[in-house]
Amino acid sequence: MTSNGERVAALFIGGGATPIEKIAVQELKILKENGVEAASSADRLNTLWCGADVASIVTSAGWSVMTGGYYEGPLGIANKTASVISHKHNNIARPMGVIFPEKYPNDPLTIEGQLFRADDTADRLKIYNDKSQAFFLMGGGGLGTGEEIFFTLKEVAGYDEVAVIKGSEWAKQLNLSPRPILVVDPTEKVQELLKFYFIKSIDQARRQKDPVMRSLFKRVYIFGKSSFRKVNNDKYPGLLRLSESSKKEIIAILGRYSGEQVELPAVETFADILLKHDQSIQ
């Protein structure tokens, strides 16, 4: 938690800063006209709605959503959703934005939520890491989103080594505990990116024996295409939304890592994915 008791979840969603209404109208038109051949449009819409669903779940559970603060594109719909849900619950868990003031001087989060100012990307990612107790990776972007993903994995792994494996007095005094990373991506591109990096860059023996990596991989929860349900596929083929069971699993994971006495759901982790891969090549 933050110093005032807030629980914060950082959301990483790519997709640029195109106005939300323009994205929806444009992509739905392409999807309706071209059907299953318009896979990229379906992916962009699924990422957009995934951001809204996750923001709704997180805020309803009493966690504040932290993003780059943009008020357009996928981050914009996440922020707006979080703001609406927060208002419905007497302004608890207001969204948080970490913005570059010179680029987005009129970001509505200066009014609707809590604002943190960052000098550059590294500064923004440091604020994410310092203030967040959970991380959501939802893809949808390019190199910028990839940089955020790997920064998060590195920082969370290092934090876990201090807080849990080494059991430092400093960690005990601050009541530090492991933080979960939830990959919620119907396109499964984030999952593929993680597999490519950890399988190609790190040898199998190290992945299996390094205690920090093993601990981290067990806390990376995977919500891929099977965690979503089809929506109106006759008119707009390829559209997906988070299933109700997946929403409950996300709430349970957040609850468990915030100290609630709930069981962790049987959700696939990145450790499971790596184990399947390693067994397949033996």
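The values are calculated or read from the model by the stated rules, or taken from the named source; none is laboratory data. Predicted, not measured: the structure shown is a model, and the values here were computed from it. Cβ coordinates were reconstructed from backbone atoms using ideal geometry, including for glycine residues, and neighbour counts include every protein chain displayed.
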Only one of Val25, Val84, Val36 that is at pLDDT 85 or above, surrounded by fewer than 22 Cβ atoms within 10 Å (Cβ to Cβ) and either assigned to a loop (DSSP other than H, G, I, E, B) or over 13 Å from the mean Cα position of the chain (by Cα) (or both): Val84
Val190: among the aliphatic types (A, V, I, L, M) and more than 19 Å from Asp278 (Cβ to Cβ), yes or no? yes
Please enumerate the residues belonging to region 174-201 that are surrounded by 14 or more Cβ atoms within 10 Å (Cβ to Cβ), without any contact (Cβ under 8 Å) to a residue 60 or more places away in the chain and in a loop (DSSP other than H, G, I, E, B). Leu176, Glu188
Which condition breaks for Ser226 when tested against (1) under 27 Å from Leu45 (Cβ atoms); (2) of a type in the set (Gly, Ala, Ser); (3) modelled with pLDDT under 90? (3)
Mind listing just one residue for me: the one in region 40-70 that is polar (S, T, N, Q) and surrounded by 22 or more Cβ atoms within 10 Å (Cβ to Cβ) and, of those, farthest from Ala93 (Cα to Cα)? Ser41
Quick one: how many residues across region 237-282 are crowded, with 19+ Cβ neighbours inside 10 Å and assigned to a loop (DSSP other than H, G, I, E, B)? 2
Checked region 133-149 for anything at pLDDT 80 or above and in a loop (DSSP other than H, G, I, E, B); matches are Gln133, Met138
Among the numbered criteria (1) farther than 26 Å from Asp43 by Cβ; (2) out of contact with any strand residue (DSSP E or B) (no Cβ under 9 Å at 6 or more places or on another chain), which one does Lys200 miss? (1)
Hey, Asp107 hits all of (1) under 28 Å from Lys225 (Cα atoms); (2) at pLDDT below 75 but one; which does it fall short on? (1)
Given (1) part of a helix (DSSP H, G or I); (2) surrounded by fewer than 21 Cβ atoms within 10 Å (Cβ to Cβ); (3) modelled with pLDDT of 80 or more, where does Thr152 come up short, assuming only one miss? (2)
Scanning region 202-218 residue by residue, those touching a residue at least 60 places away in the same chain (Cβ under 8 Å) and buried (at least 22 other Cβ atoms within 10 Å of the Cβ) turn out to be Leu216
Residue pairs within 7 Å by beta carbon, gap of at least six or interchain, first lying in region 120-143 and at positive phi, second modelled with pLDDT under 90 and assigned to a helix (DSSP H, G or I), listed first then second, are Gly139/Thr47; Gly139/Thr145; Gly139/Lys189; Gly139/Val190; Gly140/Thr47; Gly140/Pro74
